[in-house]
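The values are calculated or read from the model by the stated rules, or taken from the named source; none is laboratory data. Computed from a prediction, not measured in an experiment: that's the story for all the values here. Every residue, glycine among them, receives a Cβ derived from its backbone with ideal geometry; neighbour counts consider all protein chains shown.
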Number of protein chains: 2
Amino acid sequence: MVGPPAETPVNSGKPISLDLNVRGLGLSATLAIDARCRELRAADRSIYDFGLGQSPFPVPAPVVEALRQAAAEKDYLPVRGLPALREAIATYYEEHERLDAHPQRVLVGPGSKELMFLLQVVHYGEMLIPTPCWVSYMPQAQILGRRISRIHTRFEEEWKLTAAALVRSIEAVNDETRPRLIVLNYPANPTGCSYTGEELGELAEIARRYQTIVLSDEIYGPLHHDGGHVSIARYYPEGTIISSGLSKWCGAGGWRLGTFVFPPQLEWLIDALANVASETYTSVCAPIQHAAVTAFRGGEQIERYLAHVRRILKTLGRRCHEVLTDAGLRIPVPDGAFYLFLDFAPFQDRLARRGIRDGATLCQGLLEDTGVAILPGAAFGRPRSELTARLAYVDFDGERALAASEKFPLCEALPADFFERHCGRVLEGAQKVAEWVAT
Amino acid sequence: MVGPPAETPVNSGKPISLDLNVRGLGLSATLAIDARCRELRAADRSIYDFGLGQSPFPVPAPVVEALRQAAAEKDYLPVRGLPALREAIATYYEEHERLDAHPQRVLVGPGSKELMFLLQVVHYGEMLIPTPCWVSYMPQAQILGRRISRIHTRFEEEWKLTAAALVRSIEAVNDETRPRLIVLNYPANPTGCSYTGEELGELAEIARRYQTIVLSDEIYGPLHHDGGHVSIARYYPEGTIISSGLSKWCGAGGWRLGTFVFPPQLEWLIDALANVASETYTSVCAPIQHAAVTAFRGGEQIERYLAHVRRILKTLGRRCHEVLTDAGLRIPVPDGAFYLFLDFAPFQDRLARRGIRDGATLCQGLLEDTGVAILPGAAFGRPRSELTARLAYVDFDGERALAASEKFPLCEALPADFFERHCGRVLEGAQKVAEWVAT
């Protein structure tokens, strides 16, 4: 029942009437890998599931308890969100980013993905997207028939957008004042890399020069491994929309709560988004919004949760990074989140001799040979021929790991055998990738 | 903080770049009435709030308890919905409508409004919408730049679409095989009226003749006052999408859970919708889906809840209907839901002498003079000049009324003074409308 749809849809004889923009959607490499994982599992193969980007950690206990308390909340909430929640979110950004955030300029949606979709519905302009990038920006543009311009970044720059590359991309078109929206995502999916304050300042300067809006996707911000996340809004407050939500730092992907915070200069944009929201999702689930107030207000229990989560992710990320770079892969050291972006370019010739000449074939071969599931770079906007892939180091029991971590003071490092004991499959899978490229 | 947005948006000097389709959205009569209600309340005026169409009843206790139990569910669920929920929904339609519903052809979304929007995103064709109709079908089409064809119905036919009117509308265009989607909504918002089996059979025949898809919005189905709801899918299974959700019958509007059920012949459409859903809302809130299983499985406690709700709504609707038709208004007797659609046409001349020549002015005048808030027919797709309006008889404490109703056996009618005691403001408001038209 959860399987893929029937292969040959029954048709009544009447031609299928689908918008051309949506025909052929969803036949992605991601789904192909997913389907093959299911088949292999059904055949009792052991799978290292490094594909799906879901936090392995539970929702913090006080937030779950807040949801229980709010279970009887049944009223439609205001389109922009529960006032107490918008206030908690505004306060969060005031405290964490020293922003002049106002509750009236906060928009709560059923996931930041939905908010980004509606942003593409209302904004009339071009989107500039540095790649590798999160999987959904481009299909959303395709669905709506919007124009997107990709800016390919390079391993040598940690797959990050540079100010120079941004200028080149804007000036390549004979239309400097074109309305544009630049998407930045840091710590990044799929690389885990983040920008330094200096880099953000340089990008801000370019954005300001061309009066370009920045959609700053900071959903992994609280999962910066050193707690050192900084928003570009500090450097470009007037043109930045900060996107975030509960899915990653709060382990609540399935709850579906995303947030957008706008500056006063972009009030016209939040107004338009709220109007469209009122004709689409209406408002976000009331009990979830009540619970989210507890999450955004934070407090000692939630800070401690985050500190443990960061400690685990940071060390685990570096352990995997070490194993894989020792084997010869090119990977920048992650600054946050739970991803590594693997570049198999040094093995190009060797892989070609095995018939592997693109990312999708690489991931399929790796899955067949080792049971390790990772996603090809093409899913993240990279050229199909490129031998890159994203590894999500999340295949462990986050609840158990968190409980174990709590036994060791936060001022210390976790003991050497912690990861073998609690994240053994992740280390094992990384080792298998290392051995696979060496053969 | 919940107030309307600042009136003059600050702008950075750069032109506002909004898609033309979304400019000017949201400046509706509905919002104007809402805003005026707030002002009057702030000035201590007593308001009879018959504007918002929200169920006054609480979510049934076993469903709230199920949400509490599921509070820690945090995983992303499959795009189409939790398998157990889709199974419960399919079983519900098998039992209630004798349909061959399969869980694989059920789609769960964050409100049926969102699903309808995505349906307009993917379906390439024209929508036929009988008016008066629910407020969001047309703004959705406007946002997407889709084509809509309105079919105005008449009071004399209880504001219902007739087979003859449907044929006329289709044949008026020189393109009989055009891909079309007819929207039917019954029991209807804003009229409370439903179709008989015979009427559905006739409409089904026309839909089949022109191979037209029917989007059957049955969200008020379980609130048919006699529990006698029947779907057009019984007559036109191969071409009907049934739309429903928890918002109305389960009193859970703020929970945001809607459902679409497709026939095998429209699998291409659910596939496309699911693909777009995976790039927008992703999946519906996990704890809510787990709780919804209890709602759709039903059982004795939920049946009893529904029986009490129906008994209250039926009698209250008829009491209001009596007061208002005695005063001379034209209103069909409602079959379900909690709406009356008032036609002030008999008072046209008298109202004109008071300067009232359209529905919006009528509703504003009524609100100023009596404190009764109702919404003009134009909000429901009717001509602006028409003197019609929707009254939602929901301004009472549903929890208290339900508890009081439970003291009287379901086989009996509620005692004569029940409504004065528990729904006094509704009767008072109806009386005020009656007196207002008489002056």
Requested in this report: Kindly indicate whether any position in segment B:85-96 is among the aliphatic types (A, V, I, L, M), within 11 Å of chain A (Cβ to nearest Cβ) and over 30 Å from A:Val63 (Cα atoms).
Outcome: yes
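Out of A:Val214, A:Val230, report the one residue that is of a type outside the set (Gly, Ala, Ser), at pLDDT 95 or above, buried (at least 23 other Cβ atoms within 10 Å of the Cβ) and under 23 Å from A:Glu157 (Cα atoms).
After applying the criteria, what remains is A:Val214.
Which ones in segment A:260-280 are of a type outside the set (A, V, I, L, M) and within 8 Å of chain B (Cβ to nearest Cβ)?
At the first step, the residues of segment A:260-280 found to be of a type outside the set (A, V, I, L, M) are A:260, A:262-265, A:267-268, A:271, A:275, A:278-280.
Correct list: A:Pro264, A:Gln265, A:Glu267, A:Trp268, A:Asp271, A:Asn275, A:Ser278, A:Glu279, A:Thr280.
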**Report entry** Subset of segment B:35-55 that is closer than 18 Å to B:Gly429 by Cα and without any contact (Cβ under 8 Å) to a residue 60 or more places away in the chain - its residue that is farthest from the other protein chains (Cβ to nearest Cβ)
**Finding:** B:Asp44
Report task. Test B:Val122 against the criterion of being assigned by TED's automatic domain parsing to the domain that holds B:Glu199 and farther than 30 Å from B:Leu340 by Cβ, and give yes or no. Result -> yes
Report task. Evaluate segment B:281-295: report whether one residue or more is within 23 Å of B:Phe419 (Cβ to Cβ) and either touching a helix residue (DSSP H, G or I) at 6+ places or on another chain (Cβ under 7 Å) or within 14 Å of chain A (Cβ to nearest Cβ) (or both). Result -> no
Requested in this report: Restrict the check to segment B:148-158 and report whether at least one residue is more than 9 Å from chain A (Cβ to nearest Cβ), among the hydroxyl-bearing types (Ser, Thr, Tyr), within 22 Å of B:Leu266 (Cβ to Cβ) and in contact (Cβ under 8 Å) with a residue 60 or more places away in the chain.
Outcome: no
Query raised in the report: Does segment A:319-339 contain at least one residue that is touching a strand residue (DSSP E or B) at 6+ places or on another chain (Cβ under 9 Å) and within 14 Å of another protein chain (Cβ to nearest Cβ)?
Result: no
Query raised in the report: Across segment A:75-118, which residue is surrounded by the fewest Cβ atoms within 10 Å (Cβ to Cβ) among those that are under 19 Å from A:Trp249 (Cβ atoms) and touching a Pro at 6+ places or on another chain (Cβ under 7 Å)?
Result: A:Leu99
Requested in this report: Answer with yes or no whether A:Glu300 is away from every other protein chain (no Cβ under 11 Å) and not aliphatic (A, V, I, L, M).
Outcome: yes
Query raised in the report: Looking only at segment A:430-439, which residues are under 10 Å from A:Tyr48 (Cα atoms) and crowded, with 21+ Cβ neighbours inside 10 Å?
Result: A:Ala430
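Which of the helices (runs of 4 or more DSSP H) contained wholly in segment A:7-112 include at least 1 residues that are at pLDDT below 95 and of a type in the set (D, E, K, R)?
In segment A:7-112, A:29-42, A:83-97 are the helices (runs of 4 or more DSSP H) which contain 1 or more residues that are at pLDDT below 95 and of a type in the set (D, E, K, R).
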Query raised in the report: For residues in segment A:282-310 being of a type outside the set (A, V, I, L, M) and touching a strand residue (DSSP E or B) at 6+ places or on another chain (Cβ under 9 Å), which is nearest to B:Ser136 (Cα to Cα)?
Result: A:Ser283
Requested in this report: Taking A:Leu313 as the residue in question, decide whether it is of a type outside the set (Gly, Ala, Ser), crowded, with 20+ Cβ neighbours inside 10 Å and within 17 Å of A:Gln431 (Cα to Cα).
Outcome: no
Query raised in the report: Failed condition for B:Asn275, given (1) at pLDDT 95 or above; (2) assigned by TED's automatic domain parsing to the domain that holds B:Ile89; (3) not in a loop (DSSP other than H, G, I, E, B), with all others met?
Result: (1)
Query raised in the report: Can you name the residue in segment A:136-147 that is touching a residue at least 60 places away in the same chain (Cβ under 8 Å), surrounded by fewer than 22 Cβ atoms within 10 Å (Cβ to Cβ) and under 17 Å from the mean Cα position of the chain (by Cα) and, of all such residues, is farthest from A:Val183 (Cα to Cα)?
Result: A:Pro139
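Tell me, please, whether a residue that is outside the structural domain of B:Gln211 (by TED's automatic domain parsing), in contact (Cβ under 8 Å) with a residue 40 or more places away in the chain and at positive phi can be found in segment B:305-316.
no
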Report task. Scan segment B:185-206 for residues that are in contact with a Phe, Trp or Tyr (Cβ under 6 Å, 6 or more places away or on another chain), touching a residue at least 40 places away in the same chain (Cβ under 8 Å) and of a type in the set (Gly, Ala, Ser) and jot them down. Result -> B:Gly192, B:Ser194
**Report entry** Condition met for A:Val293 (part of a helix (DSSP H, G or I), surrounded by fewer than 24 Cβ atoms within 10 Å (Cβ to Cβ), in the same structural domain as A:Tyr195 (by TED's automatic domain parsing) and on the phi < 0 side of the Ramachandran plot)
**Finding:** yes
Report summary line: In segment B:227-259, anything among the basic types (Lys, Arg) and more than 11 Å from chain A (Cβ to nearest Cβ) is listed as B:Arg234, B:Lys248
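Of all helices (runs of 4 or more DSSP H) completely enclosed by segment A:328-439, which ones contain at least 3 residues that are of a type in the set (Gly, Ala, Ser)?
Where helices (runs of 4 or more DSSP H) fall fully within segment A:328-439 and carry at least 3 residues being of a type in the set (Gly, Ala, Ser), they are A:359-370, A:398-405, A:424-438.
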Requested in this report: For B:Gly81, state whether it is touching a residue at least 24 places away in the same chain (Cβ under 8 Å), facing chain A (nearest Cβ under 9 Å), within 25 Å of the chain's Cα centre (by Cα) and at positive phi.
Outcome: no
Report task. Please work out which one of (1) under 18 Å from B:Leu82 (Cα atoms); (2) in a helix (DSSP H, G or I) is the condition B:Ser244 fails and give its number. Result -> (2)
**Report entry** Options A:Leu427, A:Leu391, A:Leu387, A:Leu375: the member that is of a type in the set (A, V, I, L, M), within 23 Å of the chain's Cα centre (by Cα), surrounded by fewer than 20 Cβ atoms within 10 Å (Cβ to Cβ) and under 22 Å from A:Val333 (Cα atoms)
**Finding:** A:Leu427
Report task. Would you be able to say whether some residue in segment B:112-122 is under 24 Å from A:Val22 (Cβ atoms), of a type outside the set (Ser, Thr, Tyr), in contact with a Phe, Trp or Tyr (Cβ under 9 Å, 6 or more places away or on another chain) and free of Cβ contacts under 8 Å to residues at least 60 places away in the same chain? Result -> yes
